[in-house]
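What follows draws every value from the coordinates through simple rules; no lab data is involved. Not measured: the values here are computed from a predicted model. Methodologically, a virtual Cβ is constructed for each residue, glycine included, from the backbone with ideal geometry; neighbour enumeration extends over all protein chains shown.
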Amino acid sequence: MSPLATPTSETETPSVSTIELGDVRIHRVMEYSDTTPMTTDVFFPGSKPEEWQRHTELLAPHHWEPDTGLTRAATQTWVLRSEGRIILIDTGAGNGKYRPLQPIWSYLNTDYLANLGAVGVRPEDVDIVANTHLHDDHVGWNTRLEGRDWVPTFPNATYLMPRRDFEYWRPENLHNTVFGRGNQNVYEDSIDPVVEAGLVQTWDESYRIDSHLRLELAPGHTPGASIIHLDSGGDRAIFAGDLLHGAIQVHEPHINSCFEEDEEGARASRARMFAHAADNNALVLPAHLPGHGAFEMRRRGSGFELTNWAPFSIT
Ligand SMILES: [Zn+2]
């Protein structure tokens, strides 16, 4: 792949939204990248001020604003072209959705479909949508509003969903009303319409998409939280979904976000994924990193450190 940037947030690079790893082309398609309303202690409740201070050079200003204490985050789709097919990993929060417990995602009106078009992808061209888990900010563009109806945005795609999340988040299980988790309305507007169109395939433990790409269960953040391994021509990557929400977690992997269903499970899955990434020199592409959006890492002592940012343009 292209040379990677040095590990500070200050590095400016030319506008880059596409890289290639082996025989797979990866586009970064943004939905939203901005300062969140959450300070570090709210977004990452177990984190200490000195831990953020220790990594100021890495995190400020694109991941954390030291002056306000506010965090920054993105929602984005990793679009893959592999073996002649177009594969979307996660679909953001979507436009026009009512999220009473997550006002930041309510009634968005972004240029997401135009951004998808900018990398040459029309909705009808998409072959596979992989939702890493079924939180509201990963399934939003599964559907779009047509008149008064939510219809599949990608009518020719198979939507791959982890079975454990598919069961856990059903509205009748009442996991939707816990403060801050905000999954209310998600089935009604973003899951049920694609189920009713016959487009959903659930999977368990692991699922091979093609010879380069494999979904793997990595529970904790949610029961069905998953990652996607890329292995092609000696290049490796991990699309990490929500196994981490901030770059600080590479250096301080005990820190969880405020959105974990199972705190210990989240730490265990993150540790396993980090070890694999470090030992295999894999590019890590989480769902929510702003800035360069992805990175490489290595072991350092008993922990890890971020070594390089990906060459994607800063957001
Ligand atoms: Zn998320």
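Looking across the stretch 197-238, the residues that are of a type outside the set (A, V, I, L, M, F, W, C), more than 16 Å from the ligand (Cβ to nearest atom) and without any contact (Cβ under 8 Å) to a residue 60 or more places away in the chain come down to 198, 201, 202, 204, 205, 206, 207, 208, 214, 216, 229. Condition test on residue 107, is it touching an Asp or Glu at 6+ places or on another chain (Cβ under 6 Å) and either away from the ligand (no atom under 12 Å from the Cβ) or closer than 20 Å to residue 191 by Cα (or both)? No: the conditions fail for residue 107. Just one of (1) at negative phi; (2) touching a residue at least 40 places away in the same chain (Cβ under 8 Å); (3) not charged (D, E, K, R) fails for residue 274. It is (2). The conditions of being out of contact with any Leu (no Cβ under 7 Å at 6 or more places or on another chain), touching a residue at least 12 places away in the same chain (Cβ under 8 Å), crowded, with 19+ Cβ neighbours inside 10 Å and under 22 Å from residue 199 (Cα atoms) are met by residue 139. The set of residues in the stretch 56-115 that are under 29 Å from residue 232 (Cβ atoms) and part of a loop (DSSP other than H, G, I, E, B) comprises 62, 63, 83, 84, 90, 91, 92. Evaluate the stretch 52-65: report whether one residue or more is surrounded by fewer than 17 Cβ atoms within 10 Å (Cβ to Cβ) and within 16 Å of the ligand (Cβ to nearest atom). So far as the stretch 52-65 goes, no, none of its residues is surrounded by fewer than 17 Cβ atoms within 10 Å (Cβ to Cβ) and within 16 Å of the ligand (Cβ to nearest atom). Report the residue count in the stretch 17-33 for those that are of a type in the set (Asp, Glu) and either surrounded by 16 or more Cβ atoms within 10 Å (Cβ to Cβ) or in contact (Cβ under 8 Å) with a residue 60 or more places away in the chain (or both). Looking only at that region, the number is 2. For the stretch 239-287, the set of residues classified as in a strand (DSSP E or B) and within 16 Å of the ligand (Cβ to nearest atom) consists of 239, 240, 241, 284, 285, 286, listed by residue number. Going by the structure shown, is residue 146 of a type in the set (D, E, K, R) and free of Cβ contacts under 8 Å to residues at least 40 places away in the same chain? Yes, satisfied.
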